[in-house]
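The values are calculated or read from the model by the stated rules, or taken from the named source; none is laboratory data. Being a predicted model, the structure only gives us computed values, none of them experimental. Note that we place each Cβ from the backbone using ideal geometry, even for glycine, and neighbour counts take in every protein chain shown.
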Amino acid sequence: MKQKLAALFLLLGISLTANAQFGGLLGGSKASGGAGADPAAIEKFTADAALINKAISYAALQIVAALGDKDKLAIVKESLEKMKSSDPKDQNAVMGTVFKTDLAASIDLLKSKEGKERMEKLSPDMQKKVAKSIFAVGVAAFRLKPMLDNGQKALQSMGSNPAMLSKIGLVKDSLSLLGNAAPKVPDLVTAGLALMKEVKVDPGNPTADSVLTADADVTIPES
């Protein structure tokens, strides 16, 4: 377990450099022509980025719903409703808000005494939901740096190709979300795994080969 976590946090070294690395991604690409842009590769990148961003978003919302105060539930429900939009730009906008507020809130809850007390009082099914959320973020952590690298290559390949202009905004939005999540992910995984150990709930061991799922079925605990 310790060896697997050590490998995970080596990858999570991205948290120390993500902002610097990411800053260069949005400065614009000067690739020559961009004629080599592969539409299929761009589509794959945006789909993979969406999966990672959604997995982290839903996980954060689930943790806040399970461990947070009742006054947070209305905000969680509103975010979940907006996430149903079929427009990727609208989804990205919601996830941007989740990453700014709910992601940090979920980390605070996992670290807090109150969060631990609420976790202990949850039903076994709800405890599993929280554990599953932590596992998902752990899996996403392995993919963040490769995705940021892939995004940079995607922008370079798109260059000034007119056929790609409609896609550039979505790629940049996806990268922005990945960059915003990257510095916070290590804290969530660390705090989450520590809490699960304390309350004796096994979330499983996230690895680079683990299947990543975005669990949109966020459960609100009964009052």
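Assorted remarks:
- Whichever residue in segment 214-223 is surrounded by 15 or more Cβ atoms within 10 Å (Cβ to Cβ) and at pLDDT 90 or above and, among such residues, is nearest to Phe142 (Cα to Cα): Ala214
- Helices (runs of 4 or more DSSP H) wholly inside segment 124-223 that include at least 3 residues being over 25 Å from Lys111 (Cα atoms): 124-158, 165-181
- Looking only at segment 42-74, and only at residues there that are part of a helix (DSSP H, G or I) and charged (D, E, K, R), the one that is surrounded by the most Cβ atoms within 10 Å (Cβ to Cβ): Lys54
- When segment 82-113 is limited to residues that are assigned to a helix (DSSP H, G or I) and more than 18 Å from the chain's Cα centre (by Cα), the one that is nearest to Leu195 (Cα to Cα) turns out to be Lys111.
- The number of residues in segment 100-148 that are among the aromatic types (Phe, Trp, Tyr) and at pLDDT 95 or above comes to 1.
- Residue satisfying condition, being closer than 17 Å to Val199 by Cα, in a helix (DSSP H, G or I) and out of contact with any Gly (no Cβ under 9 Å at 6 or more places or on another chain), within set Lys116, Lys77: Lys116
- Scanning segment 103-150 for residues that are among the hydroxyl-bearing types (Ser, Thr, Tyr) and surrounded by 22 or more Cβ atoms within 10 Å (Cβ to Cβ) returns Ser106, Ser133.
- Within segment 118-133, residues that are β-branched (Val, Ile, Thr) reach no partner that is at pLDDT below 95 with beta carbons closer than 6 Å at six or more positions or on different chains.
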